[in-house]
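Below is one structure, written out as structure tokens; comments come after it.
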Amino acid sequence: MNLRKSVFAALAAVSMGIASAQTVAILDFDTEDKQYADRMPILTDTFRAEMSNSASLTVVDRKNTNAALAEIARSQTSDYMSQDNVKTLGKMLNVDYIVVGHVKEIADDPEIITREYTSVTQKSGGISGMLFGDSAKKTQTTTETRDVVTQNKLIQIVVQMIDVETSGTMASSHKEIKKWSEYNSVVKDLAKPLLSSFSGVGKIKKVNEGMFNGIWECELYQNGITDIYTLEFVDDTTVKVEIESIDRRGKSTKSKGQGRWRYNAQEKVFVLTVNRLTGDVAHITRLSWKSMIDPAKNEKSFKMSVPVSSAQNAKQVRGEFYRTE
């Protein structure tokens, strides 16, 4: 699938202001046990709510996640969680990690228990019973043994957090419950190992201010529109910006402008401002960016949050900028 020309868009919902450093998509839990299928949405939403309580990450909403999966399902016949598709899904949703969950019924080995069963019967006393009635009936007690097969069953919930970049499992957790009513009491423990991993990776890496020198490019997707940003950091304060926007029909429009940028090392915040863009891109007429920067170790790319338009309080998506020169 050509992501550059994709007509699909998925937004990572972020809070206003400076977005968190890590973004995660939580897919609906799956199960092979048909009797549990209708419970998967509520289990997923409860887990998603627990993960959303962390201030160190942004959780993509269900609508965007499911739409992205549907897009992949329409275009590919392979397992949607294959290594290639994990990376594709991650790019479509602009996330760093994907969480998957699986529910199944597990059972102990069958155990045979021998139990005794006692039965009491009454027999007629023959002629004396006819003469003297029930008082003449005889009581007979019979004891027999039977083998009974017993097997304890549990519901197991397993969650895994997958790194989009490597397709490897970064953290996992599992819990067993006897009945569904116990799920709410274990969801915190189920999420804890994943959140602990986020607390480590969520720390903002140190940014070398000199790394911005050169030209960088980023593609963002929103409602079927592909916006391609090219940033040229001319010097320590000046930046040139070019934007190419491709709509659903493949029509391309362009705008450009020049503005100012700075990186506040103390607050770890990157700021970029272009007061006026000239050109035909209707939804982007100026730039006012403010975000934390998450650079790659080799400093050949960095991630930040970018508004999808110039509208006031516009939503933001997570974008990754790659050095081209």
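What follows is calculated from the coordinates using simple rules that are stated; it is not laboratory data. On a predicted model such as this, the values are computed, not experimentally measured, just so you know. Please note: Cβ atoms are built from the backbone with ideal geometry, for glycine as well, and neighbour counts cover all protein chains shown.
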Convex hull of Cα atoms in the range 216-266, direction-averaged projection (nm²): 4.3 nm²
Per residue convex hull volume, Cα atoms of the range 233-296, in Å³: 112 Å³
Residues residue 297 and residue 325, FRET efficiency given R0 of 25 Å [Cβ-Cβ distance, rounded to 0.05]: 0.80
Cross-link pairs 268/303; 63/104; 254/300; 34/104; 91/290; 104/175 - those with Cα-Cα distance over 18 Å: 63/104; 254/300; 91/290
Projected area, mean over directions - the range 147-286, Cα convex hull, nm²: 15.2 nm²
Cα-based Rg and Dmax for the range 267-325, where Dmax is the largest Cα-Cα distance (Å): 12.7, 36
